[in-house]
Amino acid sequence: MSKGRAEAVAGASGILLRYLQEQNRPYSAQDVFGNLQREHGLGKAAVVKALDQLAQQGKIKEKMYGKQKIYFADQEQFDTVSDADLHVLDARIVALTAKVQALQQGCRHMEAELKELASALTTPEMQKEIQELKKECAGYTQRLKNIKAATNHVTPEEKEQVYRERQRYCKEWRKRKRMATELSDAILEGYPKSKKQFFEEVGIETDEDYNLKLPDP
């Protein structure tokens, strides 16, 4: 083994031993490498070699599960925990789990609030929007003032009178159109030429000639 590689393995051994003792749970070499590579920059070959050396030295334990080796801290170095202590630890785990869930819920609320604030207008944008709205409001105020100052207002009575006259004129228009149509149809029954020729000879002009349409009732 080269000197540089030996130093890398030696440096990794201390980190891995401390990690396995602190975590006190089984890991594969790949798990240990993935968990510590970013923080300590360990190479995978150095991790595998260091774990094998630690196991050979009896500082950690190893077991085979199928084709994979699992490494974990030597349990003999830890004090025996009584059932009462285990119950205390279980209760603490439950309390901490509830605290974690509460904190996660709080984080979700804060993230939602942050997202809402991020999508809201900034103070300068709000100030600009207020100025634009004030300007628009002033324009409407002036327009309303001009309308109120006008002297040619149409009263509701005058408006109703115009509406009634429109209805009367449209009714008369409809009536006369129907009478003219009935009369021309009666004449055309014995007329030897077409309807168009008859209208041209007599000089009848229709609404359709001027693209006029009778308003709805």
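At q = 0.16, 0.17, 0.24 Å⁻¹ the log10 of I(q)/I(0) for the range 89-173 amounts to -0.88, -0.91, -1.08, computed by Debye summation with a single uniform scatterer per C-alpha, solvent ignored.
MET126 contributes about 90 Å² of solvent-accessible surface, heavy atoms of the protein only, 1.4 Å probe. Expressed as a whole percent, the accessible surface of the range 1-73 that belongs to carbon and sulfur atoms is 46, based on a 1.4 Å probe. Computed from backbone phi with θ = phi - 60° and the Karplus coefficients 6.51, -1.76 and 1.60, the 3J(HN,Hα) list for the range 136-153 is 5, 5, 4, x, 5, 4, 5, 4, 5, 4, 5, 5, 5, 7, 5, 9, 9, 5 Hz; x is used for glycine and proline. Per-residue ellipticity at 222 nm from helix content only, as computed over the chain with -39500 (n - 2.57) for each DSSP H run of at least four residues, stands at -24000 deg cm²/dmol. For the chain, the longest principal axis of the alpha carbon atoms and the long axis of helix 29-40 meet at an angle near 80°. The phi torsions of the range 185-194, fed into the Karplus equation with coefficients 6.51, -1.76 and 1.60 and a -60° offset, translate into couplings of 5, 5, 5, 5, 4, x, 8, x, 9, 6 Hz, rounded to whole numbers, with Gly and Pro shown as x. Once you've got the Cα coordinates, tell me which of LYS61/LYS99; LYS175/LYS196; LYS193/LYS213; LYS175/LYS195 are over 32 Å apart. Going by Cα-Cα distance, LYS61/LYS99 fall outside the 32 Å limit.
Per residue, the convex hull spanned by the Cα atoms of the chain measures out at 569 cubic angstrom.
On a per residue basis, the range 77-163 carries 96 Å² of accessible surface, using protein heavy atoms and a 1.4 Å probe.
In the context of the full protein assembly, TYR191 retains an accessible surface of approximately 50 Å², using a probe radius of 1.4 Å and ignoring ligands and nucleic acids. Among the lysines, select those whose C-alpha is under 29 Å from the C-alpha of LYS145, and discard any that sit fewer than 8 residues away in the same chain. Cα-Cα hits under 29 Å: LYS128, LYS134, LYS135, LYS159. Expressed per residue, the C-alpha convex hull volume of the range 158-210 stands at 78 Å³. Summary value for the chain: 13 percent relative contact order, contacts being C-alpha pairs under 8 angstrom separated by 6+ residues. With q set to 0.15, 0.17, 0.24 Å⁻¹, the log10 of I(q)/I(0) for the range 1-73, from the Debye formula over equal scatterers at the Cα positions, is -0.43, -0.55, -1.10.
3J(HN,Hα) couplings calculated from phi for the range 52-65 with the Karplus curve 6.51 cos²θ - 1.76 cosθ + 1.60 (θ = phi - 60°) are, in sequence order, 5, 5, 4, 5, 5, 7, x, 7, 9, 10, 9, 9, 9, 10 Hz; Gly and Pro show x.
The values are calculated or read from the model by the stated rules, or taken from the named source; none is laboratory data. Just so you know, these numbers come straight off a predicted model, no measurement behind them. What goes into the accessible areas is simple: the full protein's heavy atoms, side chains included, and nothing from ligands, DNA or RNA. Shrake-Rupley method; radii C 1.70, N 1.55, O 1.52, S 1.80 Å.
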